Amino acid sequence: MSNPLADMEKPDVIFCIGTNMTEAHPVAATRLKKALARGARLIVADPRRIRLAEMAHLYLPIRVGSDTALLLAMAHVIVREELYDLEFMEARTEGWEAFLEYVQPFTPEWAAGITQVPAADIERAAIWYGSADRAAIYYTLGITEHICGVENVQSLANLALLTGNVGREGTGINPMRGQNNIQGAGDAGALPNNYPGFQPVTDPANQAKFEQLYGRKIDLEKGPTKVQALEMAGDTIFAMLIDGENTVVSDPHQEHTVRALKSLEHLVVIDIFLTETAELAHVVLPAAAWAEVDGHFTNTERRIQRIRKVVDPPGQARPDWWIISQLAQRMGLEGFDYDSPVPVFNELCRVSPIYQGIDWELADSGRYQWPIPYRGHPGTPRLHEGGFINGRGKFTFTHYRDPAEVVDDQYPVWLTTGRRLETYHTRTQTGRSLGMDYLVAEEFLEVHPEDLAAWGLEDGDWARVSSRRGSLLIRVKATRRSPRGTVFASFAFSDRPINVLTGSGYDPITHTAELKVCAVRVEAVAPEEVGPIQETLALA
Amino acid sequence: MQTKTLADPLSRHGIRKVRTICGYCGVGCAVDVLARDNRIVAIHPAWDGPANQGALCIKGQFAYDYVHHPDRLTHPLVRGRDGRFHRVSWDEALDAAAEGFLRVQAKYGRHAIYGVASGRTPSEANYLMQKFIRVAFGTNHIDNCSRA
């Protein structure tokens, strides 16, 4: 997030797109509710009529995967109505003159044909966002999990640059990170293109720095992303070390994922349970869980916070830092003789410019948001105040393109996937917590009531959902949260593995999978096809 | 004059309270974990948590039983010739893990190994995952689970 969570209470206009915040980030949503109570106006763009949509002053029910068209048309209206911030553009951006020309053809009428949102509503959204003193954008994976995820984000950045809604209180471009430490994983350099602290591996100066620190030659080329690595498995990649990821259930196109992992000659998995992924491993190393280790998480607002050990891990389970250090030492590597997480964190701070101002002791207060470039620096709750790190803000000439897969006669229904409040990811944790099962006992497909009727189904019936990659049986639930022609399910339940269906494509730059769109067919199934096992499950 | 303090009701019942951060989504809510006899018995939202200011969702507040679940892995496992997992010592497991990576490297070269770090583990684990891959193999064959 460019701005701190506290800023969620301060905008005049809040534009949420592709975020089911009340379910996926419920506590952040409470801060947004405070802004609404204070009189802020809320615009929500989402294919599903989620809780946030019900709260909105203006709801734009866009067709899945049409975000860029909506955002280009909003830019068009802001330019046409001269709601842009000329002073800001002149002082802090470049290429704005060309951008004002560029958006001319993208009328709301043009976007209405793609997004299925009335042109008048697109105009209103643009005018609200463009006229506000403080307008803030919040988004989640509904923006990034598309083949055009990068262009979606760039289109959002265009709006903020156009209107000067960056680097001030209550504004900004704010992606909500989905996992407790997904921000920290990137910060710490677990990326194929960056060393710790987002230092590009392709820069020879960074290469030299880390070669000296680590005492060995390191490639100047970027590594493959995980998506590519799974495609290379069994071809050029033959061993993997996976720490705490249930790849088999969370990744798209399950059949492909399983085939990839099975083709490895050596798979080592570090985890707290024998997940579907760990079951494919050659060696499984038992890790200490949350509340059993000391360390740090970095949250969505870049705040580095200390986590503390409360209880001992069971049996011989050990903290990840110990496991990886031991493994490295077994392989004869130097520089891994850590006796606690303290020197590990201090080393991370030392080698990362964004963490350089802190260490284990200073981080204890939890008040630092990176970048903290030097000792004594107070941290940076709000990015881009007064200037951009990389010089001037650049407009991007984005283009709308169709999702990798569009509905047709054979697969006439859009499927979009996501999370639910009561389950987390692949349920390895929430599925083993008393009470959670009571709230959501099984996965179900959310379908508009009129679609159900048209397909010869009733609420609670079993249906077969098929895509070009696979099919599964699942019960249907009638709900107007789903628009006609679009169905939804979460990927939480391994016995209803929605990701057998997904995997139509991924963004060419980030390799983020298009988990938010694929084309499916939904059919009624005869009771005998459902079989006794499914019935038992239904009764359970 | 000495002020009288009320006996802390938690410690009277043998309950410890530890401040930490919720392990679910990326909001980073501060919580107080209450534990007795090496078991978590409750989680309270922290009123002074910078991200949550006393708020907490149902996952953060109630979904902690998994920590003590009997399904937890308690021993290293190595797949035997019979295709099944066998409980082994850490020594044996670490040797098997290390030997496998060295074997694959000898056979196919250093670009045949890949590491996937976690968005769920602490930054210390992530830092060491990338350091392990970069130091052991001199490659950038490392990613985390943010793309899917």
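The values are calculated or read from the model by the stated rules, or taken from the named source; none is laboratory data. Only a predicted model underlies this, so the values are computations on that prediction, with no experimental measurement involved. In this analysis, Cβ positions are derived from the backbone assuming ideal geometry, glycine residues included, and neighbour counts consider all displayed protein chains.
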> Are any residues in the range A:411-439 under 16 Å from B:D65 (Cα atoms), aliphatic (A, V, I, L, M) and more than 7 Å from chain B (Cβ to nearest Cβ), and if so, which ones?
Replying inline: A:L439
> Of all residues in the range A:248-290, how many are within 10 Å of another protein chain (Cβ to nearest Cβ), in a helix (DSSP H, G or I) and not hydroxyl-bearing (S, T, Y)?
Replying inline: 3
>> Given (1) within 7 Å of chain A (Cβ to nearest Cβ); (2) over 18 Å from A:R31 (Cα atoms), identify the lone condition not met by B:I43.
In response: (1)
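Restricting to the range A:291-309, name every residue that is in a loop (DSSP other than H, G, I, E, B), in contact (Cβ under 8 Å) with a residue 24 or more places away in the chain and of a type outside the set (D, E).
Of the range A:291-309, the ones in a loop (DSSP other than H, G, I, E, B) are A:291-294, A:299-302, A:308-309.
Now restrict to residues that are in contact (Cβ under 8 Å) with a residue 24 or more places away in the chain: A:292-294, A:299-302.
Selection gives A:V293, A:N299, A:T300, A:R302.
For (1) at pLDDT below 95; (2) outside any loop (DSSP other than H, G, I, E, B); (3) within 24 Å of the chain's Cα centre (by Cα), each residue gets a yes or a no:
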site	(1), (2), (3)
A:M1	no, no, yes
A:I14	no, yes, yes
A:R31	no, yes, yes
A:L36	no, yes, no
A:G65	no, no, yes
A:V77	no, yes, no
A:L83	no, no, no
A:A91	no, yes, no
> What strands (runs of 3 or more DSSP E) lie completely within the range A:411-518 and have 3 or more residues being more than 24 Å from the chain's Cα centre (by Cα)?
Replying inline: A:462-466, A:471-478
>> Every residue in the range A:167-198 that is within 23 Å of A:K34 (Cβ to Cβ) and either more than 7 Å from chain B (Cβ to nearest Cβ) or not in a loop (DSSP other than H, G, I, E, B) (or both), please.
In response: A:G167, A:R168, A:E169, A:G170, A:T171, A:G172, A:I173, A:N174, A:P175
> How many residues are in a loop (DSSP other than H, G, I, E, B) and facing chain A (nearest Cβ under 7 Å) if we restrict to the range B:23-40?
Replying inline: 8
> So which residues in the range A:374-394 are assigned to a loop (DSSP other than H, G, I, E, B) and buried (at least 16 other Cβ atoms within 10 Å of the Cβ), if there are any at all?
Replying inline: A:G379, A:T380, A:P381, A:R382, A:L383, A:H384
> Restricting the first residue to the range A:34-62 and requiring it to be more than 14 Å from A:G142 (Cβ to Cβ), which pairs with a second residue that is assigned to a loop (DSSP other than H, G, I, E, B) and acidic (D, E) meet a Cβ separation below 6 Å and a spacing of at least six or different chains?
Replying inline: A:A40/A:D12
> If you check A:T19 against the conditions, is it in a loop (DSSP other than H, G, I, E, B), modelled with pLDDT of 95 or more, in contact with an Asp or Glu (Cβ under 8 Å, 6 or more places away or on another chain) and crowded, with 21+ Cβ neighbours inside 10 Å?
Replying inline: yes
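Among the listed residues A:E101, A:E109, A:E97, A:E82, identify the single one that is free of Cβ contacts under 8 Å to residues at least 24 places away in the same chain, surrounded by fewer than 18 Cβ atoms within 10 Å (Cβ to Cβ) and under 30 Å from A:H448 (Cα atoms). Please lay out each step first, then the result.
Working: A:E101 fails: under 30 Å from A:H448 (Cα atoms); A:E97 fails: under 30 Å from A:H448 (Cα atoms); A:E82 fails: under 30 Å from A:H448 (Cα atoms).
Result of the check over A:E101, A:E109, A:E97, A:E82: A:E109.
Is at least one residue of the range B:103-115 exposed (fewer than 14 other Cβ atoms within 10 Å of the Cβ), part of a loop (DSSP other than H, G, I, E, B) and more than 9 Å from every other protein chain (Cβ to nearest Cβ)? Before you say what the answer is, go through the steps one by one.
Going residue by residue through the range B:103-115, those that are exposed (fewer than 14 other Cβ atoms within 10 Å of the Cβ) are B:106-107, B:109.
Retained after the next criterion (residues that are part of a loop (DSSP other than H, G, I, E, B)): B:109.
Remaining after also requiring more than 9 Å from every other protein chain (Cβ to nearest Cβ): none.
No: the range B:103-115 contains no residue that is exposed (fewer than 14 other Cβ atoms within 10 Å of the Cβ), part of a loop (DSSP other than H, G, I, E, B) and more than 9 Å from every other protein chain (Cβ to nearest Cβ).
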> Taking B:D143 and the conditions (1) touching a Pro at 6+ places or on another chain (Cβ under 8 Å); (2) part of a helix (DSSP H, G or I); (3) not aliphatic (A, V, I, L, M), which numbered condition does it fall short on, given that it satisfies the others?
Replying inline: (2)
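Given the criteria surrounded by fewer than 23 Cβ atoms within 10 Å (Cβ to Cβ) and within 23 Å of A:Y400 (Cα to Cα), does A:A125 qualify? Give the derivation first.
Details: surrounded by fewer than 23 Cβ atoms within 10 Å (Cβ to Cβ): no; within 23 Å of A:Y400 (Cα to Cα): yes.
Taking the combined requirement at face value, the residue does not satisfy it.
Tell me, which residue of the range A:186-208 that is within 19 Å of A:F345 (Cβ to Cβ) and either of a type outside the set (G, A, S) or not assigned by TED's automatic domain parsing to the domain that holds A:F336 (or both) is surrounded by the most Cβ atoms within 10 Å (Cβ to Cβ)?
Just the residues of the range A:186-208 that are within 19 Å of A:F345 (Cβ to Cβ), to begin with: A:186-191, A:194-199.
Checking the rest, the ones that are also either of a type outside the set (G, A, S) or not assigned by TED's automatic domain parsing to the domain that holds A:F336 (or both) come to A:187, A:191, A:194-196, A:198-199.
Values: A:D187: 26, A:L191: 25, A:N194: 22, A:Y195: 25, A:P196: 28, A:F198: 16, A:Q199: 19.
Within the range A:186-208, the match that is surrounded by the most Cβ atoms within 10 Å (Cβ to Cβ) is A:P196.
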> Taking only pairs six or more apart or across chains, which ones have beta-carbon atoms under 6 Å, a first residue in the range B:68-81 that is within 7 Å of chain A (Cβ to nearest Cβ), and a second residue that is surrounded by 12 or more Cβ atoms within 10 Å (Cβ to Cβ) and of a type in the set (K, R)?
Replying inline: B:H69/A:R432; B:H75/B:R87
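Quick test for you: out of A:E211, A:E221, pick the one residue that is within 8 Å of another protein chain (Cβ to nearest Cβ), at pLDDT 95 or above and within 27 Å of B:V104 (Cα to Cα).
A:E221
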> What number of residues in the range A:111-154 are outside any loop (DSSP other than H, G, I, E, B) and under 20 Å from A:E82 (Cβ atoms)?
Replying inline: 14
> With respect to the numbered conditions (1) under 24 Å from B:P76 (Cβ atoms); (2) free of Cβ contacts under 8 Å to residues at least 24 places away in the same chain; (3) in contact with a strand residue (DSSP E or B) (Cβ under 9 Å, 6 or more places away or on another chain), which one is the sole condition not fulfilled by A:S325?
Replying inline: (3)
> Is the range A:507-529 home to any residue that is more than 18 Å from A:R419 (Cβ to Cβ) and of a type in the set (S, T, Y)?
Replying inline: yes
>> Looking only at the range A:317-344, filter to residues that are part of a loop (DSSP other than H, G, I, E, B) and more than 7 Å from chain B (Cβ to nearest Cβ); which one of those is farthest from A:A291 (Cα to Cα)?
In response: A:G332
